[in-house]
Amino acid sequence: MSFFKRLKEKLTGSTEEEKVQQEQAEHLEAEPEQDAVNALEAVTEEPTVITNEVIEQVIEEIEEAVEEPVEELAPVEENLPAAVEEVEEKKPSAWSITQKFKNGLAKTRDSFTSKVNDLVARYRKVDEDFFEELEEVLLQADVGFETVMELMDKLRFEVQRKNIKDTEGIQAIISEKLVEIYEAGEENTTELNMQPNGELTVILFVGVNGVGKTTTIGKLAHRLSKEGKSVLLAAGDTFRAGAIDQLQVWGDRVGCEVVKQSEGSDPAAVIYDAIAAAKKRGADVLICDTAGRLQNKVNLMKELEKVHRVIAREIPDAPHEVLLALDATTGQNALIQAQTFKEATNVTGIVLTKLDGTAKGGIVLAIRNKLHIPVKFVGLGEKMDDLQPFDAERYVYGLFAEGLEKELEKIED
């Protein structure tokens, strides 16, 4: 399947399975009103306009039939909105998720894409001067030196292979090659290592203070709860003032129990209690918060190793995920943090927070290409559902939305 066909299906959800899901969601949304109409038509045997007078007439007919008074119904204007609210929340469509990436990467796109557009406008022909300036633009977006060099090699080869002379459509080629670089040799890297039903999955969060770690834990707990998982939270950040209370607020907000002790307690002891509680309650997932440690603080890193040992002793092969929270707005500093934590702990995935707040969203590619650690989730806003599994195609679309939309329109034509 060509890149653009695959991209179009991913962005719009045009696969048969997603079409069916969307149709079901639309049908679900319309059910309350239609059910009311169908019920009244069945009684009156003719199409009915729903009014309070009609409802009263139906009630009188029912009372005459059963010879018992029927409890008075509230006006239809009050009933129907309540019924709509009780409908199960429909699954987000592929396009709505795509729009989250587009909106979340607006700052990076405004900075990065405007420079690429200016470059394309000034250079009508693809030559070495064009490549040199493009290289500089990519570096300014924190894509990373190694990634940029690899991308330039791929672009030069592709331009030569296809005998491309002008810059029209060059954004599409850049997009395709960026996706290839990110996904090279990897499959399903964004999926969490969830254990089979009936077994406890332990997720350990690490990272420095101020990156949005506790907030991300709350959003992930909300996401897993929506998927039908029973989630328990462990307040292992016992050093930072207010950290335990902050996690408790999130626990209350998403409906998850929080296992905690007093401030200053041994973090490993909190995690031990949380594992025991999770086993006793038959929880599906235990998410463990840890102290926001600086990578150069030896004692804190040793404390993290102790927590890791306690988890592994109680549950073999756990923790099943060690997620490192990084602040995208810190750019190359986030890459340095990731490299240091990788050396100290077995980091299995990155959660890149505040991606919507930076103009240097290219750091996603730098982390993936240099450290070979998958970015599993990205923060695209402040809402509860703005924590999204990372998707390379949607990410690249977020960077080049306008140019790619023109290319996709050409395919449709």
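The values are calculated or read from the model by the stated rules, or taken from the named source; none is laboratory data. All of these numbers come straight from a predicted model, not from anything done at the bench. As a convention, Cβ positions derive from the backbone with ideal geometry for all residues, glycine included, and neighbour counts pool all protein chains shown. Surface accessibility is based on the protein's heavy atoms, side chains included, excluding ligands, DNA and RNA. Shrake-Rupley method; radii C 1.70, N 1.55, O 1.52, S 1.80 Å.
Summary of computed values
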item	result
Residue check for residue 287: touching a helix residue (DSSP H, G or I) at 6+ places or on another chain (Cβ under 9 Å) and outside any loop (DSSP other than H, G, I, E, B)	yes
Scan of segment 119-139 for residues that are in a helix (DSSP H, G or I) and open to solvent by 80 Å² or more (accessible area, probe 1.4 Å), ordered by number	122, 128, 129, 132, 136
Selection within segment 233-255 - open to solvent by less than 10 Å² (accessible area, probe 1.4 Å), in contact with a strand residue (DSSP E or B) (Cβ under 8 Å, 6 or more places away or on another chain) and among the hydrophobic types (A, V, I, L, M, F, W, C)	233, 234, 235, 247
Hits in segment 209-232 - residues which are farther than 18 Å from residue 324 by Cβ and open to solvent by less than 10 Å² (accessible area, probe 1.4 Å)	224, 232
Any hit, segment 149-171, residues being surrounded by fewer than 19 Cβ atoms within 10 Å (Cβ to Cβ), of a type in the set (Gly, Ala, Ser) and either more than 29 Å from the chain's Cα centre (by Cα) or farther than 30 Å from residue 244 by Cβ (or both)	yes
Filter result for residue 159 (of a type in the set (A, V, I, L, M, F, W, C) and in a helix (DSSP H, G or I))	yes
Listing of helices (runs of 4 or more DSSP H) fully contained in segment 297-378 that carry 1 or more residues being among the β-branched types (Val, Ile, Thr), out of contact with any Cys (no Cβ under 7 Å at 6 or more places or on another chain) and open to solvent by 10 Å² or more (accessible area, probe 1.4 Å)	298-314, 332-344
Near pairs, Cβ below 8 angstrom, 6+ apart or cross-chain, from segment 303-316 (touching a residue at least 60 places away in the same chain (Cβ under 8 Å)) to any residue that is charged (D, E, K, R)	304/293
Pair list, Cβ < 8 Å and 6+ apart or interchain, from segment 222-234 residues that are outside any helix (DSSP H, G or I) to residues that are hydroxyl-bearing (Ser, Thr, Tyr)	231/225
Residues satisfying the stated conditions in segment 269-284, i.e. outside any helix (DSSP H, G or I) and of a type in the set (Asp, Glu)	284
So residue 347, is it under 21 Å from residue 193 (Cα atoms), out of contact with any Ser or Thr (no Cβ under 9 Å at 6 or more places or on another chain), of a type in the set (A, V, I, L, M) and modelled with pLDDT under 95	yes
Residues that are open to solvent by less than 80 Å² (accessible area, probe 1.4 Å), at pLDDT below 80 and not aliphatic (A, V, I, L, M), drawn from segment 83-110	92, 93
Neighbours by Cβ (under 6 Å, 6+ apart or cross-chain): first from segment 247-260, under 9 Å from residue 233 (Cβ atoms); second surrounded by fewer than 20 Cβ atoms within 10 Å (Cβ to Cβ) and charged (D, E, K, R)	259/273
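Conditions tested, residue by residue: (1) modelled with pLDDT of 85 or more; (2) in contact with a Lys or Arg (Cβ under 9 Å, 6 or more places away or on another chain).
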| site | (1), (2) |
| --- | --- |
| 295 | no, no |
| 321 | yes, yes |
| 376 | yes, no |
| 382 | yes, no |
